[in-house]
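The next block holds one structure in the form of C-alpha cells; read it before the comments.
The values are calculated or read from the model by the stated rules, or taken from the named source; none is laboratory data. The model shown is predicted, which means the values in this text are computed figures rather than measured ones. Here the Cβ positions follow ideal geometry from the backbone for every residue, glycine too, while neighbour counts run over all protein chains shown. For the accessible areas, the whole protein counts, side chains as well, though only heavy atoms, and no ligand, DNA or RNA atoms are used. Shrake-Rupley method; radii C 1.70, N 1.55, O 1.52, S 1.80 Å.
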Amino acid sequence: MAVTNFTYRPQFQLLGLMDGTDPHPLLFLLFLSIYLLNALGNLSMVVLVRSDGALCSPMYYFLGHLSLVDVCFTTVTVPRLLATLLHPGQAVSFQACFAQMYFFVALGITESYLLAAMSYDRAVAVCRPLHYGVVMTPWRCFVLVAASWAVAHLHSLLHTLLISALSYPSSAPVRHFFCDMTVMLSLATSDTSVAETAIFSEGLAVVLTPLLLVSLSYTRILVAVLGMRTTGGRHRVFSTCGAHLVVVSLFFGSVLSVYFRPSSAYSAHYDRMASVVYAVVTPTLNPFIYSLRNKEVKGALKRSFRWRAAPQDE
C-alpha cells in the first residue's frame, strides 16, 4: 500500500469553504481582514514579550509562544482558504496536501498544550500566590513549552504517516479549505481501520490530556475564588478567567466535535464551519482575550509607542 503511494501520486482539488464554483469576494475580504488582524495581534504580542523587560513572568512567556503558534497555525490554512474563495477547485499535490496536514495538526496540538500550561500557571497564581515563584521556575516553564512542541510533532508525524499510506483516487475532490485528517480518511479507497483506531486511541488521549488539565486548573481556580472574602478580587478573577474559558471551550469543543467520531458520520458542511472556529476565529481572539484587560500589556504598548515616537519628536 505504502509502495503504491510512492510510485503513484494522486492530485487533490480543494473545493474551499463553500460548495460550487462561484467566487466569493465578500467572504474573501472578510477572511483577509481576520487574517491580517490575527497577524497584527499575535506578532505584536510576540514582539512585546521579547522586547519589553516588564513582560518577563511565566504568563507572558507562555503567551509569547501561544501567539507565535497562532500566527503560524492560521498561516498554514488561511492563504489557501483565500485562494479558494476567489478560485474554487485549487489543485494541490500529494506532498503539499500532507505537508499542510502535518503542520496543521502539529500546531493545533501545540496550541492545546500551551493553553493547558497557561491554565496551570493561572491556577498556581490564584491558589498558591506565595509559592508562585518557586513552582513556576524558568526551567519548569521551558520544559512545559518544549514538551508541548515535542508531543505535538510526534503525534502529527504518526497520523500523517498513517493517513498518507492509504490509497486515494487519481483526482480526488476535497470538500474543505485545507487537507484535514477527517476529509482524507473519507476520500481513502483502502482500509482506514488502523488510522481510525490511532485517532480514537492515541489521538483521543493526546487531545483529552490538555483538556483535562485545563478543567482541573479552572476547577481549582473556581474553588479558590469562591473562598475569597473580597468581592472585588472575586469579580476580577471571574472576569479574566471567564473570558479565557470561553476561548478554551470554543477551541476544544470544535476540535472534539470534528475529529472524534467515525468517518461514516463525516459531514463536509459541519466540518468546514467548525474548522473555521478553531483554525481561524480562536487564534485571532487569543491575543486580545489574554491581553486587552491586562494593565502590564497596555503599559508595554504605551512604552513601545513612546519609544518609536521619541526620535521623531527630537
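Looking only at residues in segment 201-219 that are free of Cβ contacts under 8 Å to residues at least 40 places away in the same chain and not aliphatic (A, V, I, L, M), which one is farthest from VAL78 (Cα to Cα)? That would be THR219. Scanning segment 191-200 for residues that are within 22 Å of SER93 (Cβ to Cβ) and in contact (Cβ under 8 Å) with a residue 24 or more places away in the chain turns up at least one hit. Scoring TYR61 on the criteria (1) touching a Pro at 6+ places or on another chain (Cβ under 7 Å); (2) buried (at least 19 other Cβ atoms within 10 Å of the Cβ) leaves a single failure, condition (1). For the condition among the small types (Gly, Ala, Ser), surrounded by fewer than 21 Cβ atoms within 10 Å (Cβ to Cβ), part of a helix (DSSP H, G or I) and modelled with pLDDT of 90 or more, ALA106 does not qualify. Inclusion of SER93 among residues that are among the polar types (S, T, N, Q) and surrounded by fewer than 19 Cβ atoms within 10 Å (Cβ to Cβ) is warranted.
Looking only at residues of segment 20-64 that are among the hydroxyl-bearing types (Ser, Thr, Tyr) and assigned to a helix (DSSP H, G or I), we find that the one that is farthest from the chain's Cα centre (by Cα) is SER51. Tell me yes or no: at least one residue of segment 240-249 is of a type in the set (S, T, N, Q) and modelled with pLDDT of 90 or more. Checked segment 240-249: no residue is of a type in the set (S, T, N, Q) and modelled with pLDDT of 90 or more. Within segment 143-166, residues that are touching a residue at least 24 places away in the same chain (Cβ under 8 Å) reach partners that are surrounded by fewer than 17 Cβ atoms within 10 Å (Cβ to Cβ) and not in a helix (DSSP H, G or I) with beta carbons closer than 6 Å, at six or more positions or on different chains, in the pairs ALA165/MET1; LEU166/SER190. Restricting ALA125, ALA172 to residues that are open to solvent by 10 Å² or more (accessible area, probe 1.4 Å) and out of contact with any Gly (no Cβ under 8 Å at 6 or more places or on another chain) narrows the list to ALA125. Among the residues of segment 16-31, those identified as closer than 21 Å to CYS179 by Cβ and either at pLDDT 95 or above or surrounded by 15 or more Cβ atoms within 10 Å (Cβ to Cβ) (or both) are GLY16, LEU17, MET18, HIS24, LEU27, PHE28, PHE31.
The set of residues in segment 145-181 that are among the hydroxyl-bearing types (Ser, Thr, Tyr), more than 28 Å from GLY64 (Cβ to Cβ) and not in a loop (DSSP other than H, G, I, E, B) comprises SER164, SER171.
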